[in-house]
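To start, the structure under review is shown below, and the notes come after it.
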Amino acid sequence: MAQETNILAIESSCDETAAAIVSDGTRIRANIIASQVAVHRRFGGVVPEIASRHHMENIVPVVTEALATAGLAFGDVDAVAVTYGPGLVGALLVGLSYAKSLAYALGKPLIGVHHLLGHIYAGFLAYPDLPLPAVCLVVSGGHTNLVYLEDHTTRRILGSTRDDAAGEAFDKVARVLGLPYPGGPELEKLAREGDPRAIPFPRAWLEENSLDFSFSGLKSAVINYLHHARQVGQEVNRADVAASFQAAVVEVLVTKTLLAATSYRAGSILLAGGVAANSVLRRELRSAGEQAGLPVFFPPRELCTDNAAMIGCAAYYQYLRRDFAPLSLNAIPDLPLN
Ligand code: KG4
Ligand code: ZN
């Protein structure tokens, strides 16, 4: 049997310090995450400088734990993969500097991975034979994109948000509803007790057939609704607000994803990024895909939010075509996907 390719992957673009070992792009042998959620919660969001400091404390322990969990030694590693953008520059630099030093010391190739490509490849970790071409909806805290995946080397952005990312909208609305950080999952929980048809919040469709998104108007509508209710002394059902907001976001995301998939004759739809953990989005997208005769794939929830296994999977396809990075690789906070 041919020997497996073991990639040690590192992710530190935001507030999770993560290390994983992925063999042949599909087998997760370790997926370790040191979360800083508790640290940043009292600030209501990620404080970049604090994130960098915690990455520095966590990076060696998470890599050590990943190797121990996989039952491997540094000598078994075939390549070192790392996220080099987009993200918080100080946070990225911690993982990147460590990865570069390690690749140099081991004499193994360094693979620089785009964070969003990592999110997309969480889908290929779970479904390596996912039918291509595919349309992927990437919805994270910092990005909202529709991406056409022709094959493992050719991709094209079909649409993007013009203002807030979907996850950012979830987090901001959660905050005005008094929910703790990170708001997305908390808002989803609250919405379970509410009526999604209670308040007709606006849907931003933009120009006819546009595949772009806009969520800032919706966010303002929620803030105005709460403000007005407070002014006139009207009691607010927070669960109804959460459910109605979530329904508005999901309807736009699902409709535009289906439009993209049918217009570009995709063979499947893939959902990726932190917001892909949202149950209502998963359910609605799957049901819309079924109606259009298109299979819809989403990674297991733990692979939707930031992790290093997804970076290891994306890196494997780069490894196969020897797409290696020089040791001069720098962190690029606004790294474009194309
Ligand atoms: O991809 P991710 O882990 O980090 C970034 O690359 O940004 O995404 C984090 C985002 C946050 O905005 C978080 O609130 C949102 O994903 N999120 C959710 C859910 N789980 C995470 N949004 C809605 N519903 C969820 N269940
Ligand atoms: Zn992410």
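Going residue by residue through the stretch 5-17, is there one that turns out to be acidic (Asp, Glu), touching a residue at least 12 places away in the same chain (Cβ under 8 Å) and more than 16 Å from ligand 2 (Cβ to nearest atom)?
Within the stretch 5-17, none of the residues are acidic (Asp, Glu), touching a residue at least 12 places away in the same chain (Cβ under 8 Å) and more than 16 Å from ligand 2 (Cβ to nearest atom).
Considering (1) surrounded by 24 or more Cβ atoms within 10 Å (Cβ to Cβ); (2) modelled with pLDDT under 95, say which one Gly142 fails and leave the rest.
The single condition Gly142 does not satisfy is (1).
Since Ser35 meets every condition but one in (1) surrounded by fewer than 23 Cβ atoms within 10 Å (Cβ to Cβ); (2) in contact with a helix residue (DSSP H, G or I) (Cβ under 9 Å, 6 or more places away or on another chain); (3) among the polar types (S, T, N, Q), which condition does it not meet?
Every condition holds for Ser35 apart from (2).
Per-residue answers, yes or no, for (1) outside the structural domain of Asp15 (by TED's automatic domain parsing); (2) within 16 Å of ligand 1 (Cβ to nearest atom); (3) within 18 Å of Tyr316 (Cα to Cα):
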{"position": "Leu67", "(1), (2), (3)": "no, no, yes"}
{"position": "Tyr84", "(1), (2), (3)": "no, yes, yes"}
{"position": "Tyr98", "(1), (2), (3)": "no, no, no"}
{"position": "Ala105", "(1), (2), (3)": "no, no, no"}
{"position": "Gly112", "(1), (2), (3)": "no, no, yes"}
{"position": "Leu125", "(1), (2), (3)": "yes, yes, yes"}
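Picking from Val252, Val241, which residue would you name as being in a helix (DSSP H, G or I), of a type in the set (A, V, I, L, M) and over 23 Å from the mean Cα position of the chain (by Cα)?
Testing whether each residue is in a helix (DSSP H, G or I), of a type in the set (A, V, I, L, M) and over 23 Å from the mean Cα position of the chain (by Cα) leaves just Val241.
Just to check your reading of the model, which residue among Arg41, Arg53 is surrounded by fewer than 22 Cβ atoms within 10 Å (Cβ to Cβ) and away from ligand 1 (no atom under 13 Å from the Cβ)?
Only one candidate qualifies: Arg53.
It is to be established whether one or more residues within the stretch 63-74 are touching a helix residue (DSSP H, G or I) at 6+ places or on another chain (Cβ under 8 Å) and not hydrophobic (A, V, I, L, M, F, W, C).
No, because not a single residue in the stretch 63-74 is touching a helix residue (DSSP H, G or I) at 6+ places or on another chain (Cβ under 8 Å) and not hydrophobic (A, V, I, L, M, F, W, C).
Residues Gly194, Gly217: which one is over 17 Å from Val139 (Cβ atoms), in a loop (DSSP other than H, G, I, E, B), away from ligand 2 (no atom under 16 Å from the Cβ) and in the same structural domain as Asp151 (by TED's automatic domain parsing)?
After ruling out the rest, the residue left standing is Gly194.
Within the stretch 290-309, track down each residue that is within 16 Å of ligand 2 (Cβ to nearest atom) and surrounded by 16 or more Cβ atoms within 10 Å (Cβ to Cβ).
Within the stretch 290-309, Phe298, Pro299, Leu303, Cys304, Thr305, Asp306, Asn307, Ala308, Ala309 meet the criteria.
Inside the stretch 277-306, can you point out the residues that are outside any loop (DSSP other than H, G, I, E, B) and within 19 Å of Ser35 (Cα to Cα)?
Ala277, Arg301, Glu302, Leu303, Cys304
For (1) under 17 Å from Glu302 (Cβ atoms); (2) at pLDDT 95 or above, each residue gets a yes or a no:
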site	(1), (2)
Ala19	yes, yes
Asp24	no, yes
His40	no, no
Glu49	no, no
Ile59	no, yes
Val77	no, yes
Val80	no, yes
Pro86	no, yes
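Matching residues to (1) within 16 Å of ligand 1 (Cβ to nearest atom); (2) under 24 Å from Val47 (Cα atoms); (3) modelled with pLDDT under 95; (4) surrounded by 15 or more Cβ atoms within 10 Å (Cβ to Cβ):
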position	(1), (2), (3), (4)
Leu149	no, no, no, yes
Arg156	no, no, no, no
Pro180	yes, yes, yes, no
Arg197	no, no, no, no
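Within the stretch 191-221, how many residues turn out to be of a type in the set (D, E, K, R) and within 22 Å of Leu179 (Cα to Cα)?
Count: 5.
Would the stretch 307-323 turn up any residue that is in a helix (DSSP H, G or I) and either of a type in the set (Asp, Glu) or within 25 Å of Pro200 (Cβ to Cβ) (or both)?
No; the residues of the stretch 307-323 include none that is in a helix (DSSP H, G or I) and either of a type in the set (Asp, Glu) or within 25 Å of Pro200 (Cβ to Cβ) (or both).
The values are calculated or read from the model by the stated rules, or taken from the named source; none is laboratory data. In this text, all values refer to a predicted model and were calculated from it rather than measured experimentally. Positions of Cβ are backbone-derived with ideal geometry, glycine not excepted, and every protein chain shown enters the neighbour counts.
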